[in-house]
Structure formats: structure tokens, C-alpha cells
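Peer 1: One structure is given below, represented as C-alpha cells, and several questions about it will come after.
The values are calculated or read from the model by the stated rules, or taken from the named source; none is laboratory data. Just so it is clear, the model here is predicted, and its values are computed rather than measured. Calculation scope for accessible area: heavy atoms of the full protein, side chains included, ligands and nucleic acids excluded. Shrake-Rupley method; radii C 1.70, N 1.55, O 1.52, S 1.80 Å.
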Amino acid sequence: MAFALKDTLSFIRKLTPLKLYNAAAVLASYYLTRLWQKPVVWGMPFTISFEPTTACNLRCPECPSGLRAFTRPTGNLKADFFRSTLDQIADRLMYLIFYFQGEPYINPAFLDMVSYAHKRKIYTITSTNGHFLNVENAEKTVKSGLDRLIISVDGTTQDTYEQYRIGGQLSQVLEGAKNMVEAKKKLKSSTPHLVFQFLVVRPNEHQIGEIYRLAREIGVDEVKLKSAQVYDYAEGNALIPTLDKYARYRMLPNGSWDVKHTLVNACWKMWHSCVITWDGMVVPCCFDKDASHRLGDTKEESFKQIWKGAAYQNFRQKLLLGRKEIDICTNCTEGCNVFF
């Protein structure tokens with residue numbers, strides 16, 4: 001509880017009247033959109049994801065980075081481009097997520113960009129597979145001012161872990177987590193808030209209790225269990241958990257499978273957040289992994305022009321008419337029923 005309190009305070013300290021006003025405007029416009037059934041957009045997004053890189057050292061089976069399955073180019077986010085884009089929206093941002101696809105620590109300028117966002121008083125988050133958290137990088141991470149570090153630990157034994165994190169070494173990940181705990185102690189820092197994220201799939205569901213024990217032993221602040229998105233689910237999939245509460249899918253009477261949550265013809269994410277790829281493309285959300293729904297290019301237009309432009313408004317309107325018509329929305333259980 002003390003650790004969660006420190007994390008909450010870290011976020012609250014970065015709030016300003018302008019950020020709160022903007023968030024209220026965004027929320028109000030979303031409610032009006034739901035009421036009038038046409039997109040009303042006030043304010044700017046208060047959460048943005050920047051993609052540090054599309055490269056990854058692992059080959060996870062449900063990840064385009066891991067499968068090397070992108071049709072879009074592979075590359076690293078450039079620090080000068082990041083700074084110029086962030087400067088357009090920093091005064092309204094509450095959260096900045098340094099993650100979309102790929103492994104952030106592969107980008108050599110990653111922690112410099114975190115430091116810049118920290119100086120702009122923005123709460124920063126990243127997600128890593130944990131293979132680059134040596135002693136030096138752990139200390140650099142703490143010094144960067146990163147607020148939250150999510151470490152993917154999808155198994156508590158190597159045999160289970162490598163069934164999903166193909167090419168990964170659990171011992172290296174756990175050593176990296178220990179390095180982070182020690183770096184925080186050495187530098188007398190309460191940040192980053194350390195999270196073990198456990199992607200619950202059938203091969204590892206029996207180890208849920210064990211991941212909590214492991215986190216306590218190492219000194220990690222929090223454990224988060226995450227349900228897995230799979231692409232080929234219609235005929236069932238060996239990754240779908242048998243524990244229903246952790247599964248996004250359900251078996252139908254005819255033996256086929258479907259997403260078990262109701263899809264609402266609206267999405268909160270289209271009002272409060274978006275994703276910017278390493279090469280400057282603005283896409284709707286983290287489900288558009290191959291950036292197939294490009295709503296603008298920040299190298300050609302300002303972010304505000306894109307956010308309130310025709311392409312974005314047309315996408316929002318399409319959602320209101322029927323999200324089942326949008327490919328990335330049919331396998332989504334996030335952001336559907338927020339506030340409603």
C-alpha cells in the first residue's frame with residue numbers, strides 16, 4: 001500500500017490546472033458524443049504512447065515484433081523528433097507511455113527521451129521484457145526520472161516462461177528486476193514504481209500464485225495479471241486460459257470461439273489517447289499494431305491538426321456507426337465500456 005501511495009503521489013505532483021481542465025473537457029465531449037451519436041472533440045488527449053522502436057530481441061508468438069510480421073518499416077524513434085512533437089502537447093499530457101511495439105531499451109536514446117519528458121513534468125511509463133536491465137541501465141533508468149517500469153514476467157520457471165517469451169531467459173529478467181530494486185535503494189529514489197506484468201495464458205496459469213511470491217522476494221512493488229489477446233481464436237487456441245476470469249474469449253454452443261465481452265459502438269480511447277509510431281504516424285490505439293489506420297503524419301501536420309482533422313473525425317464517426325466494421329476493434333476488450 002505504501003508503494004502504491006508513492007506512485008499515486010508521483011502522478012499527482014505532475015498535475016496542473018491546465019491538465020485537469022483539459023481532462024474535464026475531453027470527458028465532457030465524450031459524454032456528449034455518446035448522447036448525440038456524432039463526434040464532439042474538446043481539448044487534447046491526456047495520454048499518448050510514443051513508440052521507441054519496432055525492433056525486439058524476442059519472438060513471442062502473438063506479437064508482430066516477435067513474429068517479424070510488420071509490413072511497415074522497422075526503426076528507432078529519433079530524440080529530436082520526439083522532443084519537437086512532445087512540445088506541442090506536453091502542457092496537457094498526464095501520462096506518456098514509451099511503448100507500442102518492440103523493446104524500448106533497444107533504442108539507444110530511449111532514456112534521454114524519458115529524461116526530457118520528466119523535465120516537462122509528465123508522468124512516464126514503459127514496458128520491457130527485462131533483458132536489458134543490467135546494473136548500468138538500471139541506474140540510468142532511475143536517474144532518468146521514469147515513473148513506472150512494467151517488466152513482463154510470463155512464467156516463474158524457464159520451461160514455462162519460454163513457451164511464450166521465445167528466446168528469453170527468465171534468470172536474466174529476474175536479475176534485471178533485482179538490479180532495479182538495488183538501483184532505487186542506492187540512489188534513494190521511490191521511482192520507478194516496479195511492476196511484474198504476468199500475461200495469463202494456458203501454459204502459465206498454474207503459476208499465478210508463484211509470481212506474487214517471486215515479486216515479494218525480489219522487492220517489486222506490484223503484480224498485474226493481464227489477459228492475452230490472440231489472433232486465431234475462432235477455432236480455439238492453445239494460449240487461451242482454462243481459467244475463465246483471465247480469458248478474453250468464450251466457447252460458443254457450436255464449438256467455435258468468440259470475444260466474450262460486448263462491443264459498444266464507441267471507444268473512450270478515441271477521445272483521451274492515441275499512439276505515435278517511431279516514424280511519426282498517428283494511429284488510433286495500441287491494437288493497430290501494423291499502423292494500418294493512419295490518421296495523420298506529424299512530419300507533415302501539427303498534432304492538433306491531426307487530432308481534430310477530418311481523418312480522425314471520420315474514424316470516430318465510423319466507430320459510432322458500428323465498431324464491428326473496423327478490423328482492429330473486433331478483437332478488442334479494452335476501452336469499450338468505460339463510464340457506461
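Peer 1: Of the DSSP beta bridges with both residues in the chain, give the percent that are antiparallel, rounding to the nearest 5.
Peer 2: 25 percent
Peer 1: Could you give P(r) for the range 33-153, binned at 10 Å from zero, as whole percent values over all Cα-Cα pairs?
Peer 2: Bin by bin from 0 Å, the calculated values are 12, 41, 30, 14, 3, 0.
Peer 1: Right, something else. Treating only the Cα positions of the chain as identical point scatterers, give the base-10 log of I(q)/I(0) from the Debye formula at each q in 0.06, 0.08 Å⁻¹.
Peer 2: At q = 0.06, 0.08 Å⁻¹ the computed log10 ratios are -0.21, -0.38.
Peer 1: Once you have the alpha carbon radius of gyration of the range 239-285, what is it after dividing by 2.2 N^0.38 Å, with N set to its residue count?
Peer 2: The range 239-285 yields a ratio of 1.67.
Peer 1: For the range 236-340, what is the accessible area per residue in Å², given a 1.4 Å probe and the full set of protein chains?
Peer 2: I get 46 Å² per residue for the range 236-340.
Peer 1: Do the sum for the chain: with -39,500 (n - 2.57) for every DSSP H run of n ≥ 4, divided by all residues, what is the mean residue ellipticity at 222 nm, to the nearest 500 deg cm²/dmol?
Peer 2: -10000 deg cm²/dmol
Peer 1: Over all alpha-carbon pairs in the range 121-199, figure out the percentage whose distance exceeds 14 Å.
Peer 2: 58 percent
Peer 1: Right, something else. What Kirkwood radius, in Å to one decimal, follows from the Cα pairs of the range 198-262?
Peer 2: Taking the inverse mean of 1/r over all distinct Cα pairs, the range 198-262 comes out at 12.9 Å.
Peer 1: Also: So which aspartates and glutamates can Lys178 reach, going by Cα to Cα under 13 Å and dropping same-chain residues fewer than 8 places off?
Peer 2: Excluding near neighbours in sequence, the set is Glu136, Glu139, Glu217, Asp221.
Peer 1: What's the carbon and sulfur percent of the range 1-119's accessible surface, probe 1.4 angstrom, rounded to a whole number?
Peer 2: The computed percentage sits at 63.
Peer 1: Now for a different question. Tell me the relative contact order for the chain as a rounded percent, counting alpha carbon contacts under 8 Å between residues six or more apart.
Peer 2: Taking the mean separation of contacting Cα pairs over the length of the chain, I get 17 percent.
Peer 1: Separate question: Just tell me which lysines come within less than 27 Å, Cα to Cα, of Lys245; anything on the same chain fewer than 8 places away is out.
Peer 2: Within the straight-line limit of under 27 Å, Lys245 reaches these lysines: Lys224, Lys226, Lys260, Lys269, Lys289, Lys324.
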